[in-house]
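K.L.:
Pasting a structure below so you can have a look.
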Amino acid sequence: AQTVTQSQPEMSVQEAETVTLSCTYDTSENNYYLFWYKQPPSRQMILVIRQEAYKQQNATENRFSVNFQKAAKSFSLKISDSQLGDTAMYFCAFMKHVDDMRFGAGTRLTVKP
Amino acid sequence: NAGVTQTPKFQVLKTGQSMTLQCAQDMNHNSMYWYRQDPGMGLRLIYYSASEGTTDKGEVPNGYNVSRLNKREFSLRLESAAPSQTSVYFCASSEGAWEAFFGQGTRLTVV
């Protein structure tokens, strides 16, 4: 079974600064999908960014970008120009095929004014 | 557009009682999931359903059963609730390996 590890339980960043959240995963598969989800205090899960393993180009969505290192099985999330609204739990997720999506334990990010 | 709707939002059960958590999606997705969220452990997959009529165990299926009633609905049943099942439960749906949409969660307390 594949596992997802987020080694930073909590992080903080000053408003307007850049922060990187780490994620590693373990799999023997060659084709898979990786995601970052955000969970603000409202508890609603929101997709931040998605990466397909067969694509070498790192995904970007506005201030959010990833550093996908397939050989190292690493999938970090970089948040640029951090905003107060970025304060949330962030979860890394792995999907081997279309049926089974597994999450890491999460990183609690606090953006300080 | 309601997305994924879970009921109830809150529930308190006594040990040994049974209950069913309901989930419905209106996006015509094939895949549906049940997760539980506990502090420090993220979301753990209980069961998933790749399509109507199929269900598979996830990471933590013990103590739970599921039913994929039709394409829209996927229910989670606790036959004999235990305090260890105190958690927040999320239902989600997706189409293939695209974005998963989540319900608002059910906070369950077993006393």
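The values are calculated or read from the model by the stated rules, or taken from the named source; none is laboratory data. This one's a predicted model, so the numbers in the text were calculated from it and none came from an experiment. As a convention, Cβ positions derive from the backbone with ideal geometry for all residues, glycine included, and neighbour counts pool all protein chains shown.
K.L.:
I need the full set of residues from the range B:35-62 which are modelled with pLDDT of 95 or more and in contact with a Leu (Cβ under 6 Å, 6 or more places away or on another chain), in order please.
P.N.:
B:TYR35, B:GLN37
K.L.:
Separate question: Anything in the range B:42-60 that is within 15 Å of B:SER94 (Cβ to Cβ) and among the aliphatic types (A, V, I, L, M)? List them, or say none.
P.N.:
The answer is B:LEU43, B:LEU45, B:ALA50.
K.L.:
Mind checking whether some residue in the range B:25-34 is in contact with a strand residue (DSSP E or B) (Cβ under 8 Å, 6 or more places away or on another chain), part of a strand (DSSP E or B), modelled with pLDDT of 95 or more and away from chain A (no Cβ under 13 Å)?
P.N.:
Yes, there is a match, as at least one residue in the range B:25-34 is in contact with a strand residue (DSSP E or B) (Cβ under 8 Å, 6 or more places away or on another chain), part of a strand (DSSP E or B), modelled with pLDDT of 95 or more and away from chain A (no Cβ under 13 Å).
K.L.:
Of all the residues that make up the range A:54-87, how many are in a strand (DSSP E or B), farther than 15 Å from A:SER22 by Cα and not hydroxyl-bearing (Ser, Thr, Tyr)?
P.N.:
1
K.L.:
Continuing with the same structure: In the range B:38-50, how many residues are facing chain A (nearest Cβ under 9 Å) and within 20 Å of B:LEU69 (Cβ to Cβ)?
P.N.:
Summing the residues that are facing chain A (nearest Cβ under 9 Å) and within 20 Å of B:LEU69 (Cβ to Cβ) in the range B:38-50 gives 4.
K.L.:
Now for a different question. Where residues in the range B:61-72 are surrounded by 17 or more Cβ atoms within 10 Å (Cβ to Cβ) and within 17 Å of B:THR106 (Cα to Cα), which of them is farthest from the other protein chains (Cβ to nearest Cβ)?
P.N.:
Checking each candidate, the answer is B:TYR64.
K.L.:
Let me ask something else. How about the range B:75-111: which of its residues are free of Cβ contacts under 8 Å to residues at least 40 places away in the same chain, within 11 Å of chain A (Cβ to nearest Cβ) and among the small types (Gly, Ala, Ser)?
P.N.:
The one that is free of Cβ contacts under 8 Å to residues at least 40 places away in the same chain, within 11 Å of chain A (Cβ to nearest Cβ) and among the small types (Gly, Ala, Ser): B:ALA97.
K.L.:
Another question, if that's okay. Looking only at the range B:30-52, how many residues end up being closer than 23 Å to A:PRO41 by Cβ and in contact (Cβ under 8 Å) with a residue 40 or more places away in the chain?
P.N.:
7
K.L.:
Within the range B:27-60, how many residues are under 22 Å from B:THR7 (Cβ atoms) and in contact with a Phe, Trp or Tyr (Cβ under 8 Å, 6 or more places away or on another chain)?
P.N.:
18
K.L.:
Kindly check whether there is at least one residue in the range A:59-72 that is more than 10 Å from chain B (Cβ to nearest Cβ) and touching a residue at least 40 places away in the same chain (Cβ under 8 Å).
P.N.:
yes
K.L.:
Can you tell me which residue among B:SER93, B:SER84, B:SER51 is of a type in the set (Gly, Ala, Ser) and assigned to a strand (DSSP E or B)?
P.N.:
B:SER93
K.L.:
State all residues of the range B:51-60 that are more than 9 Å from every other protein chain (Cβ to nearest Cβ) and either buried (at least 16 other Cβ atoms within 10 Å of the Cβ) or among the charged types (D, E, K, R) (or both); if no residue qualifies, say none.
P.N.:
Once the filter is applied, which keeps residues that are more than 9 Å from every other protein chain (Cβ to nearest Cβ) and either buried (at least 16 other Cβ atoms within 10 Å of the Cβ) or among the charged types (D, E, K, R) (or both), the range B:51-60 yields B:GLU52, B:THR55, B:LYS57, B:VAL60.
K.L.:
Just checking: which of the strands (runs of 3 or more DSSP E) contained wholly in the range A:1-52 hold 2 or more residues that are surrounded by 17 or more Cβ atoms within 10 Å (Cβ to Cβ) and at pLDDT 95 or above?
P.N.:
Per the criteria, A:19-21, A:24-26, A:33-39, A:46-52.
K.L.:
How many residues does the range B:63-76 contain that are at pLDDT below 95 and on the phi > 0 side of the Ramachandran plot?
P.N.:
Residues in the range B:63-76 being at pLDDT below 95 and on the phi > 0 side of the Ramachandran plot: 0 in total.
K.L.:
Can you give me the number of residues within the range A:89-113 that are assigned to a strand (DSSP E or B) and either closer than 30 Å to B:ASP56 by Cβ or away from chain B (no Cβ under 14 Å) (or both)?
P.N.:
Final tally of qualifying residues: 15.
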